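Since the structure comes first, as structure tokens, the remarks are kept for the end.
Nothing in this text is a laboratory measurement; each read-out follows from the coordinates by a stated rule. Just so it is clear, the model here is predicted, and its values are computed rather than measured. Positions of Cβ are generated from backbone atoms using ideal geometry, with glycine treated the same way; all protein chains shown enter the neighbour counts.
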Amino acid sequence: MPRERGCRRSSGSRSRTARAELSFSMSHMERLLREGHYTQRLSSSAPIFLAAIMQHLTAKVLELAGNEAQNSGQRRITPELAGMAVHHKALLNGSFGMTPISLVAPARH
């Protein structure tokens, strides 16, 4: 019997990233964990959580950098603005410490 038009495909044919509704690839996160020899110590759901955390942190940094750009009258987010946004936010600054955001914009001391 043919499928009805309104029916969706089964979730088995969609990627794990699409099923978790994430932008960051879970397969890539799993590969990074496997190459770092962390897979024996972590559960099978670790790539899901890692991808979700990376997506959330990226969205937060871009939001703060966009606010910095708007406050300074610029229309584009530059690496310098992303660095300023991270270093002005206490929680992110504590998490990233002295880690430079990019090689173009080193951390300001």
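3J(HN,Hα) along the stretch 27-43: 5, 5, 5, 5, 5, 4, 5, 5, 5, x, 6, 9, 5, 6, 9, 10, 7 Hz, from the Karplus curve 6.51 cos²θ - 1.76 cosθ + 1.60 with θ = phi - 60°, whole Hz, x for Gly and Pro. What is the sum of charges, Lys and Arg at +1 and Asp and Glu at -1, for the other residues whose Cβ falls under 15 Å from the Cβ of ILE48? Net local charge, ILE48 excluded: +3. Site pair ILE53 and THR99 shows an inter-label distance of 1.0 nm when each label is modelled 7 Å from Cα along Cα→Cβ.
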